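Below: the structure, in structure tokens.
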Amino acid sequence: MTSGDPVVLEMVNNAVLHGHRQKKYLKFKKSNFANNLTLSTVTENGSPFNRGIQHEAKHSAILSRAAKLFNTKGARSTTLSDVAHKLGLTKTSLYYYVKTKEDLIYQCYDAAMRHAHATLDQVEAATDNPLERVLMFMESQISTILKALTGQGDFYAAPLELASLKDKHREELIAEYLRMFIRFRSYIRDGIEQSIIRPCHSTSTTRALIGALDWSFYWLYEMPEEEAMLAGAALRNIVTHGLFSQDADYRPGDHLLNAELASPAKGFDREAQNRLKQEAFFKAGTRFFNRKGFSGTSLDEIAEHLQVSKGAFYYHFTNKEALLSQCYDYSLDQTEAIYREINASDISAAEKLDTVCRQVFHIQNSDLGPLIRYNTITALPPPIRRRVLARTQAASNNLGQFVREGQASGMFRDVDAGIMQNMLEGAVNAAMDISEWRRLEDIDEAAIDYFDVFYFGLTKNTD
């Protein structure tokens, strides 16, 4: 999956994505290496005295612990010493299981993909119903994260830095991701063919649903325990029936793109020209960071792409990290501008939600964007991360507010607004480069296809 489940519970004060809140069900003791072996490791593999079994158990424990660290500190920021220390191992002992950090990153990402395929295998063995297969797979992803959070299962790494891996490893993992995507999409296509799932654009719907899970490791951690434990049921409700009430007569209206965002900054004085140049760096930098990750992005490539000297870059930015930080700010400036305009309008809650989603989708997939993907968030220094994530959360909260307003008016069903908000946020973040997944003749039509599953569900609403 594009999401894994990265939370270092015993390092909560250093957590990348939050770090400000602890929860009763997330209190882990610092443990030695033996204590990191999961329950499943012992019960499913037989005798703990078998050396082969012990080796596999320790290997699994290493990948699980590394997954937590990778998804909080970032894979490139985590050292092998960090992993060894958390497991009570020496760095030399760790080399018995992994050759290099590149090898460890690859193994963690590979474990996440193997887990996803194993889940699909279990789902297919459990039922022939295509809709149930979709729902069970998504519920299983939530369940895996919750089990890890409560100490009952392994953690799996979100491949946030896949782009920075060596070609061979990256290509293998991408191939496995595509195979997983195609398997999941086949459930939707089978459901449509059998009239179990209503007609929809299967590729867009698959991308949207998988994208909705991308950051579930983060928002499940942030939620109060009692809400997180109900997330699977809430997700099933939303994906099955959608957000709109049965009697709601809503059709997507004309897409009105923010004219201010659609026009580049203009001016002839030096300040305006510098702003134009900076915006060019923001767009180019964002595109490279999104595709190659922080480590894989070269300042030389960005300068060459813009046909400027490297010195021109340093005139505007002190280093690559400064560019990344400002790329996040630039993306947030755009999304916040959309929310401000929408909130100032007198349109309905349904129109607000739909307009925001479609406008952000448009920016993601046109020359106006792209917006930064959060797979590079771990490359930012902790103080900047916290500031960026605080702004992101404040903007995202608008989605939840629109859902609650729509529920108050009777337009939306009584679904969990927090889960709905987080699913939409994940899907929006995954919406870029939709042209790589499907033919793109009209961006707005593609946006309507993409968000359709969240609004109307996979089946006809009979609530």
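A short reminder: the numbers here are calculations on the coordinates, not readings from a lab. Source: prediction; values computed, not measured. In this analysis, Cβ positions are derived from the backbone assuming ideal geometry, glycine residues included, and neighbour counts consider all displayed protein chains.
Taking amide H as placed 1.01 Å from N in the peptide plane, PHE412 has its amide H under 5 Å from the amide H of SER245, GLN407, each at least 5 places away in sequence or on another chain. Most tightly packed first, judged by the mean number of other beta-carbon atoms within 10 Å of their residues, the peptides 183-191, 307-315, 156-164 read 156-164, 183-191, 307-315.
Positive contributions from Lys and Arg (+1) and negative ones from Asp and Glu (-1), summed over other residues with Cβ under 9 Å from the Cβ of GLU176, come out at 0.
Ranked for footprinting exposure by Cβ neighbours inside 10 Å, fewest first, HIS241, HIS305 give HIS305, HIS241. Across q = 0.10, 0.12, 0.17 Å⁻¹, region 259-413 modelled as identical point scatterers on its alpha-carbon atoms has Debye log10 I(q)/I(0) values of -0.42, -0.58, -1.03, in the order of the q list. Between THR318 and ALA118, the modelled labels are 4.6 nm apart [label points 7 Å from Cα along Cα→Cβ]. Here region 202-233 and region 141-194 have alpha carbon centers that stand 13 Å from each other. Pairs from the list LYS99/LYS320; LYS73/LYS99; LYS147/LYS168; LYS277/LYS352; LYS101/LYS292; LYS99/LYS283 with a Cα-Cα gap above 27 Å: LYS99/LYS320; LYS147/LYS168; LYS277/LYS352; LYS99/LYS283. Couplings 3J(HN,Hα) of region 349-354, computed from phi: 4, 5, 5, 4, 4, 5 Hz, in residue order, whole Hz [Karplus 6.51 cos²θ - 1.76 cosθ + 1.60, θ = phi - 60°; x for Gly and Pro]. Altogether, the Stokes-Einstein calculation at 20 °C and 1.002 mPa s, with the Kirkwood radius of region 324-393 over Cα pairs as Rh, returns a diffusion coefficient of 164 µm²/s. Extension gain for GLU279 to LYS99 (0.36 nm times residue separation, less C-alpha to C-alpha distance): 60.6 nm.
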